Amino acid sequence: MELTKREYDVLRYIYFEIDEIAERLCISTATVRTYLQGLRSKLKCDKRHKIVLRALKQGLIKIDEFITE
């Protein structure tokens, strides 16, 4: 499975609140929610921490690619 560039961007910022992700990526909060729903659907996970674990296990992202500051 492949993520879109924006899904990947949102995944990198997944540890932030939705409004902060939106601000950092210069998109609306509704758009962030849409991308998060896409990640949930593609990765078949309902919680953000499960999305992270599945993305790591599937090699979609590396631990050092997450932005936490």
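The fraction of accessible area contributed by carbon and sulfur in the chain is 50 percent, rounded to a whole number (1.4 Å probe; ligands and nucleic acids excluded). Principal-axis analysis of the Cα atoms of the chain puts helix 29-43 at an angle of about 10° to the longest axis.
The orientation-averaged shadow of the Cα convex hull for the chain, equal to a quarter of the hull surface, comes to 4.1 nm². Here the range 1-40 is treated as a sphere whose radius is the Kirkwood value from Cα pairs; by Stokes-Einstein at 10 °C and 1.306 mPa s it diffuses with a coefficient of 162 µm²/s. Evaluated with a Cβ-only charge set (Lys, Arg +1; Asp, Glu -1), the chain carries a dipole of roughly 460 debye about its Cα centre, given to the nearest 20.
Average accessible surface for the chain: 66 Å² per residue, computed with a 1.4 Å probe over protein heavy atoms with every protein chain in place.
The values are calculated or read from the model by the stated rules, or taken from the named source; none is laboratory data. Everything numeric here is computed off the predicted structure, so don't read it as measured data. All Cβ positions, glycine included, derive from the backbone under ideal geometry; neighbour counts span all protein chains shown. Heads up: the accessible areas ignore ligands, DNA and RNA and are worked out on the full protein's heavy atoms, side chains in. Shrake-Rupley method; radii C 1.70, N 1.55, O 1.52, S 1.80 Å.
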